[in-house]
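What follows draws every value from the coordinates through simple rules; no lab data is involved. All values reported here derive from a predicted model rather than from experimental measurement. As a convention, Cβ positions derive from the backbone with ideal geometry for all residues, glycine included, and neighbour counts pool all protein chains shown.
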Amino acid sequence: MRWWYKVGGCERSKYIQRVGRLLLWVCLAESSMAVHSEAAEWSLSPSFGVKGVYNSNLILTPQPHSETYGFWVSPSAEIAGRTERLEVSSRLATDVVRYFGGQDKQFTNVFVPLSVRYKTEKDLFGFTGGFTRDNTVLGEELQATGVVLQFVQRNQWTFNPTWTRSLTEKLSLQSGMQFSNTTYESAMLFDYRIVGGSGGLQYQLTERDQIQLSVSYTGFQTLGSLSPFRANYPGINMSLTHAFDESLTGTVYGGPRFLSSTSQTEVGDITARETVWLAGASLSKKFERAAVRVSFDRDLRPSGFGLLVQTNRGGVFGSYALSETLACSLDVAGVLVSGTSSAGIGRIFPEQRYVSVIPKLSWKFLEWWQAEVSYMYRLREIDTGVGSVHAQAQAQAITFTVTYYPPKLSWSY
């Protein structure tokens, strides 16, 4: 397993191995709870996909560049198990990727997520986490943060257990922990770790209204940096969810975060404090053959630049089933990114803007076969710090994918 992290990080590799063993222990411990259940049902859903890609600007650079072509080979398998009280699911997947032309790259992505739910009469124990190896420009990091890092691989472990306790028919106590360890296969980027937790109360006001009040703590620190940076931000959050009808649901939330940071320099530690207000809202509507979701959120997110960034992200997603075998979707997202004042000590983070538009069309042309074609437009702007001058990069991409879905395997005992 030493091929997916940087060579020379002996202590880091031992640390990640311990986390991996801990994840396995949690999975086995949760699964053992089902031993005395009367029956368990398991299923395995394999798939195999091949993707061809054209991209006019793969790394989203404002500098002169050439067009890039590539192909992906993506085998995967979804595993699910269920008893009366326990639910376990995972998706083991990998992408073998090769690009040539403007960028001559080859790499392998790995996805090993794990989700566990165990319920009793009054308690619900949950766990989400696992391991992800993806690319900084082509993976989830860019879509979430709007920050374009180097074109390198990212390795991330996550560990998020939760516990919900029903106090009355309408009132419940919720708590959770957060842990993630992220490393980059580049000496120019900063590895980091996040540790945190939250707890609060959830109350069902009416059949359609639900309110939640919680407190949280998040700690962020860089790993192996010559100029270590730490930040923590406890906070308070309140959310309200309202079901307008059976198909329309809206949620609003917000609250302050009390951000404190420390940057270690040659002349000593430099600290700063500030209050950051975070908020968000979403609206989801389901139709007979379509679904639409509109969302906005302001959040603090970690970055491979070795600091926290503040993101203002808005998005619209819609899907429509044209027929039983033909479906289309549209995903539009925009992100405005800036560095928090305390997070910017010792480092300069220019304001950035990122927009992506992704229409997609999928066709199930045989019982076990599906074809998909998508177009992607990306726009990136960076403030240069010289008046109103911006560095701008645009990219257009076309992707064609064919996926084979063998029959699902099911068994019970």
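Residues R133, R298, arranged from fewest to most other Cβ atoms within 10 angstrom of their Cβ, appear as R298, R133. Mean separation of Cα pairs under 8 Å and 6 or more residues apart, divided by the residue count, gives the range 2-412 a relative contact order of 12 percent. By the compact-protein rule of thumb, 2.2 N^0.38 Å, the alpha-carbon radius of gyration of the range 60-188 corresponds to a ratio of 1.41. Straight Cα distances below 13 angstrom link K360 to the aspartates and glutamates D331, E372, with same-chain residues fewer than 8 positions distant left out. Per-residue Karplus couplings for the range 166-173, computed as 6.51 cos²θ - 1.76 cosθ + 1.60 with θ equal to phi - 60°, are listed in order as 7, 8, 9, 5, 10, 10, 9, 9 Hz, Gly and Pro entered as x. Computed from the Cβ-Cβ distance with R0 of 25 Å, the FRET efficiency linking E288 to A243 stands at 0.85. For the range 2-412, the spherically averaged projection of the C-alpha convex hull amounts to 22.7 nm². Protection proxy ranking for 267-276, 189-198, using the average of other Cβ atoms within 10 Å per residue and placing the highest first: 189-198, 267-276.
Multiplying the residue separation of A279 and I398 by 0.36 nm and subtracting their alpha-carbon distance yields 39.4 nm. Using the structure shown, list the pairs from K51/K408; K122/K285; K51/K285; K122/K286; K364/K408 with a Cα-Cα distance above 28 Å, or answer none. From the list (K51/K408; K122/K285; K51/K285; K122/K286; K364/K408), the Cα-Cα distance tops 28 Å for K122/K285; K51/K285; K122/K286.
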